[in-house]
Every structure is written in C-alpha cells, then in structure tokens.
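S.K.: Could you have a look at this structure, given as structure tokens, before my questions?
The values are calculated or read from the model by the stated rules, or taken from the named source; none is laboratory data. What you see is a predicted model, and the numbers here were worked out from it, not measured in a lab. All Cβ positions, even for glycine, are placed from backbone atoms using ideal geometry, and neighbour counts span all protein chains on display.
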Amino acid sequence: MAPLEELRALCTALPEVTERLSHGEPTWFVRGRTTFVMYAARHHDDRLAFWCAAPPDVQEELVSTEPDRFFRPPYVGHRGWLGVRLDVEVDWAEVDHIVREAYRQVAPPSLAALLDG
C-alpha cells in the first residue's frame, strides 16, 4: 500500500476523524475541527512525510536521536509538532503509535479514552 493510503487507514480508524484537503494536502481532523495529522507530499521541501501533534518534549527527543526519520516541520514545529518521514524505511507499527498519540493530544478526553478500550 502507498504511504498515503497506509496513513489514511491509520487516521480514519480513530473515533470521529474526518479527512479533507488543507493547504492542498490531505489532513485529518477530530470532529471536523481540530487537526492532528497533515500529509506533506514534498509540500515545503523534498521530503515525503506527515506532520502531527506530539506530546511535550517528544519532538525534541526524536529529532535529536533520529534526524534521518524525524524533523521539526515548518509552521507548526514551534508548537511541538513532529515531522515524520515517509520516504525512508517506515515502521508502520511505530507510525500507528505516533498517530494515536497525536490524536490524544487534540481529542476531547471522552474520545481519547476510547483508544484505551
């Protein structure tokens, strides 16, 4: 499956997630309002990636330890968002975890609790 399709499947499997274009790229929202993941098909550079909300300090840790896979994205990086490359070898189980954590950062507590089963 192509990276966009893999990412789409992970995002849309979460409760009350919708997808629409934002700035010309597929973007996923919780309850149609709050963005938690944005696809970036070489949107501002030569990387195929996605940008997502991240828990505090995660961006700094991942970018410093694995700069070939993670980066500080433009526009939203100053808010702690994480850039995740999709044009390198991708661990989709790890991406699933990252997407779920992004969702938890912006979803109302009642929706985030649904992830805990």
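S.K.: Residue by residue through the range 23-53, note down the ones that are loosely packed, with under 14 Cβ neighbours inside 10 Å and either modelled with pLDDT under 95 or among the small types (Gly, Ala, Ser) (or both).
M.R.: His23, Gly24, Gly32, Arg42, His44, Asp45, Asp46
S.K.: Considering each residue of the range 59-94, count those that are of a type in the set (A, V, I, L, M) and surrounded by fewer than 19 Cβ atoms within 10 Å (Cβ to Cβ), and give that number. If you could, list the steps in order and put the result at the bottom.
M.R.: Of all residues in the range 59-94, those of a type in the set (A, V, I, L, M) come to 62-63, 76, 82, 84, 86, 88, 90, 93.
Those left that are additionally surrounded by fewer than 19 Cβ atoms within 10 Å (Cβ to Cβ): 63, 76, 88, 90, 93.
The qualifying residues number 5.
S.K.: Please go through the range 13-31 and pick out each residue that is without any contact (Cβ under 8 Å) to a residue 60 or more places away in the chain and under 16 Å from Trp51 (Cα atoms).
M.R.: We begin by selecting, within the range 13-31, every residue without any contact (Cβ under 8 Å) to a residue 60 or more places away in the chain; these are 13, 18-29.
Of everything in the range 13-31, those that are without any contact (Cβ under 8 Å) to a residue 60 or more places away in the chain and under 16 Å from Trp51 (Cα atoms) turn out to be Glu19, Arg20, Leu21, Ser22, His23, Gly24, Glu25, Pro26, Thr27, Trp28, Phe29.
S.K.: Moving on. Do you know which residues across the range 64-73 are closer than 22 Å to Glu6 by Cβ and within 15 Å of the chain's Cα centre (by Cα)?
M.R.: Arg69, Phe70, Phe71, Pro73
S.K.: Please give the helices (runs of 4 or more DSSP H) falling wholly within the range 53-115 in which 1 or more residues are in contact (Cβ under 8 Å) with a residue 60 or more places away in the chain and in contact with a strand residue (DSSP E or B) (Cβ under 6 Å, 6 or more places away or on another chain).
M.R.: Working: elements: 58-65, 92-106, 109-112.
The qualifying helices (runs of 4 or more DSSP H) are 92-106.
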